[in-house]
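First up is the structure itself, then whatever we jot down about it.
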């Protein structure tokens, strides 16, 4: 599943925040049935008020009465006003969403970079990121902005709009501000490792929890591929970590293999790492290593 990008241009608000442009034409065509209904109702009302003139015009093909032009003019003016007001309502909704989005934007950008990944065949996968974004929208943003704004925001693009704004405003500037020693979840540590690779200029993704063939993160830059196994340990990392990542290097045809840990390694792990040409790193060394490799 992929996120279909919007073709809208971006505009800068007074706070220099970039958001997709919402034009009158977009609002009108997105809600065409709404506008058509307004025109139809007004036309019916005025036609009823001047039924004889309209009937004669259609039947005899006579010169149209001024009332017919009046009906059309009022209908068009009403539609334009209604569309303009809907645009203003949309802008109010966008402002409400941005109020809730800005405090968590940098964190979401980091999650975005970690959760969008490539499968073994090189296809970009958005499923994890879409699930994460949907969870944020339904459990964090929507409850705070209310049902009316939630429904309007869904009509404006919802998840696609959020992804566009996050990538446009934070993705290029995101920096890992998390101390790896404070991470308590192995999966979050995998994401942290992927983000460190991103910061160092690599295209990195977290592999699936099952069937990862020993690699938690795969990073690629040019013709270089590095497989990484992350170990969120309090005790010493055993030799099995080196054995697993060595197998992963063969499976992914990687140029290098790394084990990253928040703890130290056993003596046996160090010996086998030398034999198998595997690099053992502490979490704080990952960024520098990837930057210079």
Filter the stretch 245-271 down to residues that are in contact with a helix residue (DSSP H, G or I) (Cβ under 6 Å, 6 or more places away or on another chain) and assigned to a strand (DSSP E or B) and give me whichever is surrounded by the fewest Cβ atoms within 10 Å (Cβ to Cβ). 259
Close pairs from the stretch 129-150: first within 21 Å of residue 89 (Cα to Cα), partner outside any helix (DSSP H, G or I), Cβ under 8 Å, at least 6 apart: 137/158
Can you work out which of the residues in the stretch 199-213 that are at pLDDT below 85 and in contact with a helix residue (DSSP H, G or I) (Cβ under 7 Å, 6 or more places away or on another chain) is farthest from residue 251 (Cα to Cα)? 199
Quick check on residue 272: is it in the same structural domain as residue 184 (by TED's automatic domain parsing) and modelled with pLDDT of 95 or more? yes
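Yes or no: residue 230 over 21 Å from the mean Cα position of the chain (by Cα), under 21 Å from residue 115 (Cβ atoms) and at pLDDT below 90?
Numbers: over 21 Å from the mean Cα position of the chain (by Cα): yes; under 21 Å from residue 115 (Cβ atoms): yes; at pLDDT below 90: no.
No, not satisfied.
Answer yes or no as to whether residue 201 is under 22 Å from residue 112 (Cα atoms) and in a loop (DSSP other than H, G, I, E, B).
Values: under 22 Å from residue 112 (Cα atoms): yes; in a loop (DSSP other than H, G, I, E, B): yes.
The answer is yes for residue 201.
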Any hit, the stretch 274-282, residues being closer than 28 Å to residue 129 by Cβ and more than 29 Å from the chain's Cα centre (by Cα): yes
In the stretch 272-293, the residues that are more than 15 Å from residue 237 (Cα to Cα) and assigned to a helix (DSSP H, G or I): 274, 275, 276, 284, 285, 286, 287, 288, 289, 290, 291, 292
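The values are calculated or read from the model by the stated rules, or taken from the named source; none is laboratory data. Bear in mind that the values here come from a model prediction, so they are computed numbers and not experimental data. Positions of Cβ are backbone-derived with ideal geometry, glycine not excepted, and every protein chain shown enters the neighbour counts.
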